[in-house]
Amino acid sequence: MTNLKKNILKILSTVLVLSFLVTGCVGKNDSEKSTGAGKDGASNSEEMLIGGISPMTGENAIYGITATNGAKLAFKEINEAGGILGKQVKFEILDDKGDNTEAVNAFNKLVSQDAVAIIGAITSAPTEAVAQPAVDENMPLLTPTGTQFGLTKDRPNVFRVCYTDPFQGEILAQYTAENLKATKAAILTNNSSDYSDGIAKAFAEKAKELGVDIVAEESYGKGDTDFRAQLTKIAAQSPEVVVIPDYYKEIALISQQAKEVGIEATLIGGDGWDGVVEQLDESSYADVENAVFTNHYSLQDESEKVQNFIKAYKDEYNENPSSFAALGYDAAYLYKEAIEKAGSTDKQAIVDAMKEIDFEGVTGNLKFDENNNPVKSVSMIKIVNGEYTLDSVVAPK
């Protein structure tokens, strides 16, 4: 019995050792899968974090949601195609609610989470609020839609996909003089909006240079809903063109009242007009008939890249993509190209690659100038029978 017991103990001991070996191997494999540790114990993460700062709630949410939807679609496509540098992109969007303090809080959170780059903010004021902190952290910051002129100036790691407010004003003046052949123009400005003011001032300066007389300059404040007094003064000067640089909600009201007081001039404006038709009843389409505004791309652009984007966006969100969506989409692909060009997620390497990029996007070919502003042509959109039509493409002179 003694020998039998010894044999049994040996067998049990062998089984126990084998059990530990098997368990150890399984445990090691499971640990590598969960932590991403490589054979040498180094990090082998399969994911990179790119942050998004956007107004997902509040009065600017309509801009934030559509711009973010464009970026989300792009990162979905990028991940399905293998990601960036072999890593899947985690795109984390934080809501700034259109508020500067919220934007800074969002920025700080993304920095603490080791984001490699940030898309945002969307409107100019929150972008300005995070621009200097981005410089302090040398964080690549790319606003798809922040148009205020000073956002990128003397900030080597801050970029934008859209053109600036003054650039739009100059293009509108060029269009007024050369395409519309107008000699008299009036300006109606939102005096509480840097966006409106930036376009208006640049338009006035460039228009005078091109021989267009500014026959009236009127303004209104934030929250105003009755513009008839200002429009009546403008009508008395019989301008051929009235430039109204504001966003589409205000434009929908102003255009109706302009017709009421007898203005027959061509109404023109900046990219904030995009969406104005959707604010009007079909019976009011005549109020914006033949109005023209600057935009970043056109649904009627027949290029394969643009049409593929439009189809993919409609399939994903069941609506046509706005210019903000197109700019958000391009922002995501700009980062992809820059990070792959850099061959690294090192922040300075990404910044350096951005400065050298020659990018073909939905919103056109893009290179950055010395202030990290894009050099690109502008699509002029004319509203005809409630539809946005591509009137022309204007290159800056």
Scan the range 236-247 for residues that are surrounded by 20 or more Cβ atoms within 10 Å (Cβ to Cβ) and either among the hydroxyl-bearing types (Ser, Thr, Tyr) or over 21 Å from the mean Cα position of the chain (by Cα) (or both) and jot them down. 239, 241, 242, 243, 244, 247
Is it the case that the range 271-281 has a residue that's out of contact with any helix residue (DSSP H, G or I) (no Cβ under 9 Å at 6 or more places or on another chain), free of Cβ contacts under 8 Å to residues at least 60 places away in the same chain and not in a helix (DSSP H, G or I)? yes
What is the number of the single condition among (1) touching a residue at least 12 places away in the same chain (Cβ under 8 Å); (2) closer than 16 Å to residue 334 by Cα that residue 79 does not meet? (1)
Kindly state which strands (runs of 3 or more DSSP E) lie completely within the range 76-169 and contain at least 1 residues that are open to solvent by 50 Å² or more (accessible area, probe 1.4 Å) and over 30 Å from residue 187 (Cα atoms). 88-95
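Confirm whether residue 172 is within 25 Å of residue 246 (Cβ to Cβ), touching a strand residue (DSSP E or B) at 6+ places or on another chain (Cβ under 8 Å), modelled with pLDDT of 95 or more and open to solvent by 10 Å² or more (accessible area, probe 1.4 Å). Outline the logic, then answer.
On the way: within 25 Å of residue 246 (Cβ to Cβ): yes; touching a strand residue (DSSP E or B) at 6+ places or on another chain (Cβ under 8 Å): yes; modelled with pLDDT of 95 or more: yes; open to solvent by 10 Å² or more (accessible area, probe 1.4 Å): no.
For residue 172, the condition - within 25 Å of residue 246 (Cβ to Cβ), touching a strand residue (DSSP E or B) at 6+ places or on another chain (Cβ under 8 Å), modelled with pLDDT of 95 or more and open to solvent by 10 Å² or more (accessible area, probe 1.4 Å) - is not met.
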Pairs under 8 Å by beta carbon, first residue surrounded by fewer than 16 Cβ atoms within 10 Å (Cβ to Cβ) in the range 372-397, partner among the acidic types (Asp, Glu), six or more apart or different chains? 375/369; 384/289; 385/289; 386/282; 396/170
Mind checking which pairs have a first residue in the range 290-309 that is modelled with pLDDT under 95 and open to solvent by less than 60 Å² (accessible area, probe 1.4 Å) and a second that is part of a strand (DSSP E or B) and of a type outside the set (Gly, Ala, Ser), Cβ under 6 Å, 6 or more apart or different chains? 295/381; 298/390
Filtering the range 187-235 for residues that are over 30 Å from the mean Cα position of the chain (by Cα) and of a type in the set (Gly, Ala, Ser) leaves a count of 4
What number of residues within the range 258-287 satisfy the criterion of being surrounded by fewer than 19 Cβ atoms within 10 Å (Cβ to Cβ) and not β-branched (Val, Ile, Thr)? 12
Output for the range 181-233, where each listed residue is surrounded by fewer than 17 Cβ atoms within 10 Å (Cβ to Cβ) and part of a loop (DSSP other than H, G, I, E, B): 181, 183, 191, 192, 210, 211, 221, 222, 223, 224, 225, 226
Identify the residue in the range 61-73 that is touching a strand residue (DSSP E or B) at 6+ places or on another chain (Cβ under 9 Å), open to solvent by less than 40 Å² (accessible area, probe 1.4 Å) and not hydroxyl-bearing (Ser, Thr, Tyr) and, among all such residues, is nearest to residue 144 (Cα to Cα). 67
Just one of (1) of a type in the set (Asp, Glu); (2) open to solvent by less than 10 Å² (accessible area, probe 1.4 Å); (3) farther than 24 Å from residue 151 by Cβ trips up residue 330, so point out which. (3)
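Within the range 234-257, can you find the residues that are within 22 Å of residue 168 (Cβ to Cβ), aliphatic (A, V, I, L, M) and in a loop (DSSP other than H, G, I, E, B)? Quick ask: steps written out before the conclusion?
Residues of the range 234-257 that are within 22 Å of residue 168 (Cβ to Cβ), as a first pass: 234, 239-255.
Now drop any that are not aliphatic (A, V, I, L, M), which leaves 234, 241-244, 251-254.
Across the range 234-257, the qualifying residue is only 244.
Any residue in the range 298-317 that is in a helix (DSSP H, G or I), hydrophobic (A, V, I, L, M, F, W, C) and under 27 Å from residue 176 (Cα atoms)?
The first filter runs over the range 298-317 and keeps only residues in a helix (DSSP H, G or I), leaving 304-317.
Narrowing the set further to residues that are hydrophobic (A, V, I, L, M, F, W, C) leaves 306, 309-310, 312.
From what is left, the residues that are under 27 Å from residue 176 (Cα atoms) are none.
Looking for residues that are in a helix (DSSP H, G or I), hydrophobic (A, V, I, L, M, F, W, C) and under 27 Å from residue 176 (Cα atoms), one finds none in the range 298-317, hence no.
Looking only at the range 340-371, count how many residues are in a loop (DSSP other than H, G, I, E, B) and surrounded by fewer than 19 Cβ atoms within 10 Å (Cβ to Cβ). Spell out how you get there, then give the answer.
To start, the set of residues in the range 340-371 that are in a loop (DSSP other than H, G, I, E, B) comprises 343-346, 356-358, 362-363, 369-371.
After this cut, where a residue has to be surrounded by fewer than 19 Cβ atoms within 10 Å (Cβ to Cβ) as well, the list is 343-344, 346, 356-358, 369-371.
The number of residues fulfilling the criteria is 9.
The values are calculated or read from the model by the stated rules, or taken from the named source; none is laboratory data. A quick note: this is a predicted structure, and the numbers were derived from the prediction, not measured. Note: ideal-geometry Cβ built from the backbone for every residue, glycine included; neighbour counts use all protein chains shown. Heads up: the accessible areas ignore ligands, DNA and RNA and are worked out on the full protein's heavy atoms, side chains in. Shrake-Rupley method; radii C 1.70, N 1.55, O 1.52, S 1.80 Å.
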